[in-house]
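For reference, the structure is listed below as structure tokens.
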Amino acid sequence: MPDFLEVLAGEESTRGWLTHLQARPTPDPVQLPSRDDLAPILLDLAVPHQDIDGLIARLPTPERTPDQWWLLERATAELTTTMGVIDGPPSFPRLPAELGPEGRFFFVYVFVAALPAARAFHQTRGIPADVSRRTFADLGRNLAVHRWRTGEGGLGVPFWLMNHFRGKLYDLGRLQFERVKLGGRTGASVSAAGLPYGQGDFGLSVHIPEFSGPLSPAACDSSFGAAREFFPRHFPDEPLGVAACYSWLLDPQLADYLPPESNIVRFQQRFRHSHDLADADADTMEFVFGQREPDLDKLPRDTTLQRAIVTHLRAGRHWHGGASWSPL
């Protein structure tokens, strides 16, 4: 098995992160469950059953995998020492493919190691148990998404799960809401509309998880209603007035192809458009078809959305996504 630290040091995409970890103080010791105790924890995190035996077999230990253990301690500390803080540490990178399944699944162990601290933070804030359970179970959903997109097991977005295990993001039904501070362009758009909020003020970022059912108006109404009660109750020190969303789903061009009563168009109507995002062709393809650069001729065209995405690209046009916001 390749030495984790040597591989990270040799790759430009991970060298900077490794240097950052090396400069940090020596972290507190980390504990992982035993092989006998790991399976129930993984099941609680909604880890797909087909991944569980492999995760147990590859469980790092200080004696068997000292390089992985060194990295595990420091990556876990990145979460536990910034628990609840909006401005967090550098994002976890995707580890090089050379590390194989040990690399693809490595951050699962990091999140398991940080789970007790994350649960304790939820308890101090009075987060309901069902919200905690669903929030942390997003780990398993993202493992399932990665397998759908790539055909192999692993966690493709370790940086994303940092939000869940640092107390920033909460699952409130069909939608997820992340504690953020408004950025420059969104803040300017909000201010220009006459609201008393702007860049640097507290806000919520709205996320639409995959494999979570229809994006129906009723389901979204329920999630927004829950958010309006949840955050003032559990984070009263963060006054909120605006929810922002940055997504391929908010590209105004979609309304040219989809019927007005479609869930996507009605979701767009919840928000005020702030600005287009950068070229989002690859992101749009990945979320709709599971591939970032597929052969257009081989894509399914079974739904109105699939046909719209392909037709638009065939016409030489591009998808841009959208940044939008809504008063809370």
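The values are calculated or read from the model by the stated rules, or taken from the named source; none is laboratory data. Just so it is clear, the structure is predicted and the values come from calculations on it, not from any experiment. Glycine gets a Cβ as well: all are built from the backbone with ideal geometry, and neighbour counts include every protein chain shown.
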Inset, instruction - Examine the stretch 92-100 for a residue that is outside any loop (DSSP other than H, G, I, E, B) and of a type in the set (F, W, Y), and state whether such a residue exists. - result: no
Inset, instruction - Could you pull out every one of the helices (runs of 4 or more DSSP H) wholly within the stretch 226-328 that has 1 or more residues that are more than 21 Å from L204 (Cβ to Cβ) and among the polar types (S, T, N, Q)? - result: 281-289, 304-314
Legend entry - A255 being at negative phi and under 20 Å from the mean Cα position of the chain (by Cα): no
Inset, instruction - Could you figure out which of (1) in a loop (DSSP other than H, G, I, E, B); (2) hydrophobic (A, V, I, L, M, F, W, C); (3) in contact with a helix residue (DSSP H, G or I) (Cβ under 8 Å, 6 or more places away or on another chain); (4) at negative phi isn't true of F211? - result: (4)
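Residue-wise test of (1) modelled with pLDDT of 95 or more; (2) surrounded by fewer than 18 Cβ atoms within 10 Å (Cβ to Cβ); (3) at negative phi; (4) among the hydroxyl-bearing types (S, T, Y).
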| residue | (1), (2), (3), (4) |
| --- | --- |
| N263 | yes, yes, yes, no |
| F267 | yes, no, yes, no |
| S274 | no, no, yes, yes |
| E293 | no, yes, yes, no |
| K298 | no, yes, yes, no |
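Determine whether R133 is of a type in the set (K, R), in the same structural domain as M1 (by TED's automatic domain parsing), in contact (Cβ under 8 Å) with a residue 24 or more places away in the chain and part of a helix (DSSP H, G or I). Step through it out loud before you land on a result.
Details: of a type in the set (K, R): yes; in the same structural domain as M1 (by TED's automatic domain parsing): yes; in contact (Cβ under 8 Å) with a residue 24 or more places away in the chain: yes; part of a helix (DSSP H, G or I): yes.
It is true that R133 is of a type in the set (K, R), in the same structural domain as M1 (by TED's automatic domain parsing), in contact (Cβ under 8 Å) with a residue 24 or more places away in the chain and part of a helix (DSSP H, G or I).
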Legend entry - Only one of A255, A227, A243 that is under 30 Å from H312 (Cβ atoms) and in contact (Cβ under 8 Å) with a residue 60 or more places away in the chain: A243
Inset, instruction - Consider A97 carefully, then state whether it is within 26 Å of E238 (Cα to Cα), at pLDDT 95 or above and among the small types (G, A, S). - result: no
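Can you go through L313, L240 and tell me which one is in contact with a strand residue (DSSP E or B) (Cβ under 6 Å, 6 or more places away or on another chain) and over 19 Å from P214 (Cβ atoms)? Break it down stepwise before answering.
Working: L313 fails: in contact with a strand residue (DSSP E or B) (Cβ under 6 Å, 6 or more places away or on another chain).
Only one candidate qualifies: L240.
Kindly indicate which of G88, G126 is out of contact with any Leu (no Cβ under 7 Å at 6 or more places or on another chain) and modelled with pLDDT under 95.
Details: G126 fails: modelled with pLDDT under 95.
So the residue among G88, G126 that is out of contact with any Leu (no Cβ under 7 Å at 6 or more places or on another chain) and modelled with pLDDT under 95 is G88.
Given the structure, is R314 assigned by TED's automatic domain parsing to the domain that holds P214, farther than 28 Å from H146 by Cβ and modelled with pLDDT of 90 or more?
Numbers: assigned by TED's automatic domain parsing to the domain that holds P214: yes; farther than 28 Å from H146 by Cβ: yes; modelled with pLDDT of 90 or more: yes.
Yes; evaluated as a whole, the condition is true for this residue.
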Inset, instruction - Please work out if V108 is among the β-branched types (V, I, T), part of a helix (DSSP H, G or I), in the same structural domain as P236 (by TED's automatic domain parsing) and crowded, with 22+ Cβ neighbours inside 10 Å. - result: no
Inset, instruction - Output the qualifying pairs, or none if there are none: Cβ atoms under 6 angstrom, residues six or more apart or on different chains, first residue in the stretch 10-27 and in the same structural domain as W70 (by TED's automatic domain parsing), second residue in a helix (DSSP H, G or I). - result: T14/L8; R15/A9; L18/L8; L18/A9; L21/R74; P27/E73; P27/R74; P27/A77
Legend entry - Candidates P96, P27, P62, P101 - the one that is out of contact with any helix residue (DSSP H, G or I) (no Cβ under 6 Å at 6 or more places or on another chain) and of a type outside the set (V, I, T): P101
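Residue check: is L72 in contact with a Lys or Arg (Cβ under 6 Å, 6 or more places away or on another chain), modelled with pLDDT of 95 or more and part of a helix (DSSP H, G or I)? Reasoning before the result, please.
Values: in contact with a Lys or Arg (Cβ under 6 Å, 6 or more places away or on another chain): no; modelled with pLDDT of 95 or more: yes; part of a helix (DSSP H, G or I): yes.
No, not satisfied.
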Legend entry - Count of the stretch 199-213 residues which are surrounded by fewer than 16 Cβ atoms within 10 Å (Cβ to Cβ) and more than 19 Å from the chain's Cα centre (by Cα): 2
Inset, instruction - Return only the number of the condition from (1) closer than 19 Å to Q306 by Cβ; (2) of a type outside the set (G, A, S); (3) without any contact (Cβ under 8 Å) to a residue 12 or more places away in the chain that P232 does not satisfy. - result: (1)
